[in-house]
Amino acid sequence: MKLPSWLTAVPPDPRAYGHLVQLCADSGHLAAGRQLHARLVALSVTPSNFLASKLISLYSRAARLDDARRVFDAIPQPSVFAWNAILIALSLHSPDPSAAVRLFATSGISPDEITLSALLKSLAESGPRLSALVAAELHAVAVQRGFGDDLFVSNGLITAYANAGDSRSARVIFDEMPRRDVVSWNSLISAYARAGWYRECLQLFQELASVHDAGGVRPNSITVASVLHACAQLKAVDFGVGFYAKCGRLEYARELFEGMPKKDAVSYSAMITGYMNHGHVDKGMELFQRADAQGISIWNAVIAGLVQNGRQSEVLGLLNKMIGSGILPNSATLSIIIPSVDLFATLLGVKQAHGYANQKQP
């Protein structure tokens, strides 16, 4: 993108150039932004804090941290906006996770919520020792400055405390938040999973599912990863599959299900029931056909699903197939089929099933 000649022919107005640099950053035109910067240098113009902040953001968007730092270092008296721009750049791109925190320590500025969010983001990439030293201090500053209820600051504090191994403090922050987004939930759920608090992880996930059922925050793939880890450690993947399937989150249930190293009758039943309950009969049948686990619960899940979805005509054939495979109907099977099929047309089949059930359950 080449700058028009008329733009390079007029004296640069700092605010107008700032907006142009922002436009270049937003549209990904680094070359045009560099041309604007080069023109400023050629005219010996010292960028204002506003313009310098835009240039730092431009170079940060392009992951050119050295250029961003040169712009910052040339500012005679950086404002909080310029400090925020360089701290964000460092938190995103510095190979040293402590760089933003160390630079801030020399600033002498009064941080705002953007400053705190940038510093907390850098802590998320640092080791537990730095997080333990700085998290409580930044928390105190946030409360003192009136940013304790800010969503992004609170999310950062949860992650910082969790990184420091202080899941209890992370939970306190979470419980005090007036509003939470999926990052808030994921931060604490993943913190519990990393800390080995697997039951707490699943309990918190249940809370999130209840919130979603009420029209609130929806879990995402990051939630699934943490829940899967917790379920695996507790050998409770069936819990995750069944819970997702019951709530209609079939894509999450299937992701958990497919991630199981060994699938059993309980997990197959939960997954098939989830499909059937939400009208996906063909998907339920497809899963049933490829099931490599055996058990009456799987057959009952399919039979119940067929009945529920008005496909009673397929039930007797399935019942005979089940008996032929050596699996006998039980009382649950009978409670499904007897009230739902035409008695006259299926009397023989029901009588036969009842006989098998009596053999197995005297």
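Among the numbered conditions (1) modelled with pLDDT of 90 or more; (2) surrounded by 23 or more Cβ atoms within 10 Å (Cβ to Cβ), the only one that Leu65 does not meet is (2).
Being under 27 Å from Ser335 (Cα atoms), at pLDDT 70 or above, outside any loop (DSSP other than H, G, I, E, B) and of a type in the set (Phe, Trp, Tyr) is a description that does not apply to Tyr244.
Listed here are the residues, each with its yes/no results for (1) of a type in the set (S, T, N, Q); (2) over 30 Å from Asn84 (Cα atoms); (3) touching a Lys or Arg at 6+ places or on another chain (Cβ under 8 Å); (4) at pLDDT 95 or above.
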{"site": "Gly148", "(1), (2), (3), (4)": "no, no, no, no"}
{"site": "Ile173", "(1), (2), (3), (4)": "no, no, no, yes"}
{"site": "Ala193", "(1), (2), (3), (4)": "no, yes, no, no"}
{"site": "Gln206", "(1), (2), (3), (4)": "yes, yes, no, no"}
{"site": "His212", "(1), (2), (3), (4)": "no, yes, yes, no"}
{"site": "Ala225", "(1), (2), (3), (4)": "no, yes, no, no"}
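Can you find even one residue in segment 152-161 that is closer than 30 Å to Gly18 by Cα, touching a residue at least 40 places away in the same chain (Cβ under 8 Å) and either assigned to a helix (DSSP H, G or I) or not hydroxyl-bearing (Ser, Thr, Tyr) (or both)? Yes, some residue in segment 152-161 is closer than 30 Å to Gly18 by Cα, touching a residue at least 40 places away in the same chain (Cβ under 8 Å) and either assigned to a helix (DSSP H, G or I) or not hydroxyl-bearing (Ser, Thr, Tyr) (or both).
Inspection of segment 135-154 finds a residue satisfying the criterion of being within 21 Å of the chain's Cα centre (by Cα) and surrounded by 23 or more Cβ atoms within 10 Å (Cβ to Cβ). Contact annotation: residue pairs with Cβ atoms under 6 Å, 6 or more positions apart or on different chains, pairing a residue in segment 104-121 that is of a type in the set (Val, Ile, Thr) with a partner that is at pLDDT 90 or above and in a helix (DSSP H, G or I), are Ile109/Val80; Ile109/Trp83; Ile114/Asn84; Thr115/Asn84. Residue count for segment 108-143 under the criterion of being within 19 Å of Val71 (Cα to Cα), among the hydroxyl-bearing types (Ser, Thr, Tyr) and modelled with pLDDT under 90: the result is 0.
If the condition is being part of a helix (DSSP H, G or I) and farther than 16 Å from Ala136 by Cα, then segment 105-123 contributes only Ile114. Taking the stated definitions as given, is Val134 assigned to a helix (DSSP H, G or I), closer than 20 Å to Leu92 by Cα and in contact (Cβ under 8 Å) with a residue 40 or more places away in the chain? Here the answer is no, as Val134 does not meet what is asked. If the condition is being modelled with pLDDT under 95, crowded, with 17+ Cβ neighbours inside 10 Å and farther than 22 Å from Ser98 by Cβ, then segment 155-171 contributes only Ser167.
The values are calculated or read from the model by the stated rules, or taken from the named source; none is laboratory data. What you see is a predicted model, and the numbers here were worked out from it, not measured in a lab. Note: ideal-geometry Cβ built from the backbone for every residue, glycine included; neighbour counts use all protein chains shown.
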